[in-house]
Amino acid sequence: MDVVFMIYEADVCPERVAGLLQKAYALFMERIPNGRIFCAVSAQYCQTVIHTLAANNGNTAHIFEIAGTTFIEQLYSFASLPVFQTAIGEHICAHDIFRAQMPQELLNTGCSIFMKQPECAVFPSVPLKDTIKRVDTEMTVTETPDRATLKRAQTPLFLAKQTLLRMIQERSDTPPNSFISACLQAGITMRTYEGSYMNGITVSG
């Protein structure tokens, strides 16, 4: 299984990014020792990533400079590159490195579920703590969805290479803004499992 780290534009200092990347690199290599590392990196952090990975005991990483401000934008942009077709293996684990505190079991559980159902997109999620309101164009509240049926998606995201390519071919939104809607458009089954509130996004520092 190949691993793709998404490192998009964010309000995080390069030193912090270097620390997050080192932690993520060690975590994934322990769980997926034969996997290759690919990085989709905004220009903001490209040199930081190159220097950080060069110091990881000689392990090779493939780094691609890709503009983007969200995980899904980076993922779609990376998958649209010609090299994605030729260099990436059949199974992918994509992870947002700004989720700095991902517990080991999230990686283990997701990998196990995906290998049993590789036709699905698999990712962790957590229950929403906030009350959600649906509003119309005039900001009038029209509905309060049942919070018990709502989840906040996290990474790592496990999916097959062909699944992602199919999503890109069939998506109608430009630029991409929703992995969930893209799955629905392409008829891809999504499986989620219990995530962790520790697996939050680092947005500053």
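Coordinate-derived values only; no laboratory data. All values reported here derive from a predicted model rather than from experimental measurement. A quick note on method: Cβ atoms are made from the backbone with ideal geometry, for glycine too, and the neighbour counts reach across all protein chains shown.
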Using just the helices of the chain, give the 222 nm mean residue ellipticity in deg cm²/dmol: DSSP H runs with n ≥ 4 each add -39,500 (n - 2.57), and the total is spread over all residues, rounded to 500.
-10500 deg cm²/dmol
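Any idea what the dipole of segment 2-194 comes to, in debye rounded to 20, about its Cα centre with Lys/Arg Cβ at +1 and Asp/Glu Cβ at -1?
Charge dipole, segment 2-194, about its Cα centre: 420 debye, nearest 20.
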So how tilted is helix 104-116 from the main axis of the chain? Cα-based, degrees 0 to 90, rounded to 10.
80
Have a look at the chain and give its Rg and Dmax from the Cα atoms, expressed in angstrom.
17.2, 57
With Cα springs under 10 Å, the Gaussian network model of the chain assigns the largest mean-square fluctuation among Arg134, Arg36, Arg99 to Arg134
